[in-house]
Amino acid sequence: MTPQILIIVGALAGVLILLGLVYMLSGSEKPGSARLSHGPRQVAPAGMRETVKISKQKRRELHKVMTERILRPLSAVMKVRGVARSKLVERLVVAGIRKRGAVEVFLGAKVAMALAFPAATAAFMLWHAKTGGNEANPRNMILFCACATVAGLMLPNIWLTRKAKARIEKIRFALPDALDLLVVCIESGLALDAALVRLAREIQSSGPELSEELTLMNLEVSAGKPREECLRNLGLRSGVEEAKALAARIIQATKFGTNLAHSLRIHAESLRQKRRQEAEERAAKTTVKLLFPLVFFIFPAIFVVILGPAIVNIGKVGLG
């Protein structure tokens with residue numbers, strides 16, 4: 001086989017690996033949501049249940065094959081240990097990726113992209129040179145392949161950062177309304193643990209990310225962990241500073257015997273006011289952000305429409 005064919009085969013293999021990684025990481029389930037939901041269950045038809053069972057089984061088999069045969073050897077190349085590995089686990093947890101072997105999947109994705117991108121770049125440059133009847137410049141090929149390798153190493157980190165930020169924003173947006181519902185549950189006579197269970201069930205549609213975090217916290221409480229530790233873990237898992245402040249407020253209220261509903265109402269109002277101030281700040285920045293599109297895209301078109309006919313008439317008069 002020629003080097004060109006080997007490079008193309010390597011690029012195709014890398015693309016298939018990346019598609020498998022995206023398929024595996026996109027199908028995250030909310031742990032414990034089925035165990036804590038006490039509402040009426042909708043029974044699906046037998047054929048649909050069998051189809052869902054087969055698809056889940058195929059996904060597990062694909063996950064096992066990708067993790068054991070491909071990703072673990074690739075992730076061993078990175079050699080992430082100790083503090084760096086713990087930080088990566090924390091970032092994955094904040095992004096909502098808590099599957100077993102998620103670290104190996106992520107590191108394997110970085111290595112796969114670092115191998116697939118330069119292979120695809122080299123294959124494209126060879127194909128382009130061959131169709132043009134020229135020879136590929138080795139210096140340009142090395143330069144572009146190096147840039148593609150750096151891009152393959154950086155893109156998973158960028159994707160993980162954006163995913164974590166988007167999840168944090170969703171939790172922050174759902175937190176004030178969830179606190180209002182928690183205040184209603186507590187004032188109606190429910191205990192704090194029962195109110196948190198009811199809250200996790202009621203906000204599954206409006207705030208699924210926050211519902212997932214509350215569900216995990218309720219599972220920890222039901223497993224026998226101290227409530228204070230579970231509340232602190234909620235703030236650490238979510239990565240939201242407001243959730244950490246909420247955990248501290250609940251711990252202080254239960255420890256000192258203050259009115260929990262009143263404290264939560266004040267906290268919800270402060271969160272809502274902070275969210276309003278952030279919206280006003282973003283609205284104030286809009287005028288500055290619109291300046292560049294106006295100058296570079298809209299004003300030239302306006303000048304062409306307004307001054308174009310005048311320039312044409314001036315040219316005709318000058319020629320006449």
Can you go through Arg237, Arg232 and tell me which one is in contact (Cβ under 8 Å) with a residue 24 or more places away in the chain, out of contact with any Phe, Trp or Tyr (no Cβ under 7 Å at 6 or more places or on another chain), among the charged types (D, E, K, R) and within 18 Å of Leu216 (Cα to Cα)?
Arg237
Leu190, sole failed condition from (1) more than 21 Å from the chain's Cα centre (by Cα); (2) part of a helix (DSSP H, G or I):
(2)
Select from the range 131-177 the residues that are within 30 Å of Arg272 (Cβ to Cβ) and β-branched (Val, Ile, Thr) and list them in ascending order.
Thr161, Ile168, Ile171
Selection from the range 85-96 of residues that are modelled with pLDDT of 80 or more and surrounded by fewer than 20 Cβ atoms within 10 Å (Cβ to Cβ):
Ser86, Lys87, Leu88, Val89, Glu90, Arg91, Val93
Which number in (1) at positive phi; (2) assigned to a helix (DSSP H, G or I) marks the one condition that Ala253 misses?
(1)
Can you name the number of the only condition in (1) within 23 Å of Ser263 (Cα to Cα); (2) buried (at least 22 other Cβ atoms within 10 Å of the Cβ); (3) of a type in the set (A, V, I, L, M, F, W, C) that Met113 fails?
(1)
Name the single residue that is farthest from Ile171 (Cα to Cα) among those in the range 249-267 being in contact (Cβ under 8 Å) with a residue 12 or more places away in the chain and out of contact with any Asp or Glu (no Cβ under 7 Å at 6 or more places or on another chain).
Thr254
Note on the range 155-206: residues acidic (Asp, Glu), surrounded by 15 or more Cβ atoms within 10 Å (Cβ to Cβ) and either farther than 21 Å from Ser270 by Cα or outside the structural domain of Ala247 (by TED's automatic domain parsing) (or both) are Glu202
Can you tell me which of Lys165, Lys130 is within 27 Å of Leu236 (Cβ to Cβ) and not acidic (Asp, Glu)?
Lys165
Answer with yes or no whether Leu143 is touching a helix residue (DSSP H, G or I) at 6+ places or on another chain (Cβ under 7 Å) and of a type in the set (A, V, I, L, M).
no
Consider Ile142 carefully, then state whether it is of a type in the set (Val, Ile, Thr), over 30 Å from Val240 (Cα atoms) and in a helix (DSSP H, G or I).
yes
Restricting the first residue to the range 274-300 and requiring it to be farther than 24 Å from Ala174 by Cα and part of a helix (DSSP H, G or I), which pairs with a second residue that is at pLDDT 85 or above and not aliphatic (A, V, I, L, M) meet a Cβ separation below 8 Å and a spacing of at least six or different chains?
none
Does the range 191-207 contain at least one residue that is within 17 Å of Val94 (Cα to Cα) and touching a helix residue (DSSP H, G or I) at 6+ places or on another chain (Cβ under 6 Å)?
yes
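The values are calculated or read from the model by the stated rules, or taken from the named source; none is laboratory data. Computed from a prediction, not measured in an experiment: that's the story for all the values here. Counting neighbours? That spans all protein chains shown, and the Cβs are built from the backbone with ideal geometry, glycine included.
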